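First comes the structure, then the notes that go with it.
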Amino acid sequence: MKRVHIAPTLLDAQLVVDALSSLGIVSHIFNANAAGALGEVPFLQAQPEVWVEDDTRECQAREVLVDFLNVKPSAEKICPHCGEHNPGNFLSCWQCGSLLPD
Ligand SMILES: [Zn+2]
């Protein structure tokens, strides 16, 4: 067993486990229930940890994580018509319906 990731939340940890399992890498979450103990244990020790079962796949798992964790939502777009901020994947303004620039 090798620890490959410390996640900020249990949901993040689960997403990492899912990403690894899609590649056939078996991993487990530890500290999954520690969030309720915050205040009694140091913060870092209470964060969910992702451990890879097969030590020989640690390097592969880390490569997956680098890609996985570097995926950021595209920059937001500002509507040329009303000035509203829109998520980068929107094609038209949610506020006024104007087409957004690429
Ligand atoms: Zn607009």
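What the table shows:
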item	result
Hey, TRP51 free of Cβ contacts under 8 Å to residues at least 60 places away in the same chain and in the same structural domain as SER22 (by TED's automatic domain parsing) or not	yes
Number of positions in region 2-53 that are in a loop (DSSP other than H, G, I, E, B), farther than 17 Å from LEU69 by Cβ and either of a type in the set (Gly, Ala, Ser) or at pLDDT 95 or above (or both)	5
Filtered residue count, region 9-24, keeping only those that are open to solvent by 70 Å² or more (accessible area, probe 1.4 Å) and farther than 15 Å from ARG57 by Cα	5
Considering residues of region 66-85 that are assigned to a loop (DSSP other than H, G, I, E, B) and modelled with pLDDT of 75 or more only, the residue surrounded by the fewest Cβ atoms within 10 Å (Cβ to Cβ)	ALA75
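The values are calculated or read from the model by the stated rules, or taken from the named source; none is laboratory data. Everything quoted here is computed from the prediction, not taken from an experiment. With ideal geometry, Cβ positions are generated from the backbone for all residues, glycine too; neighbour counts draw on all protein chains shown. Just the protein is used for accessible areas: all its heavy atoms, side chains included, with ligands, DNA and RNA removed. Shrake-Rupley method; radii C 1.70, N 1.55, O 1.52, S 1.80 Å.
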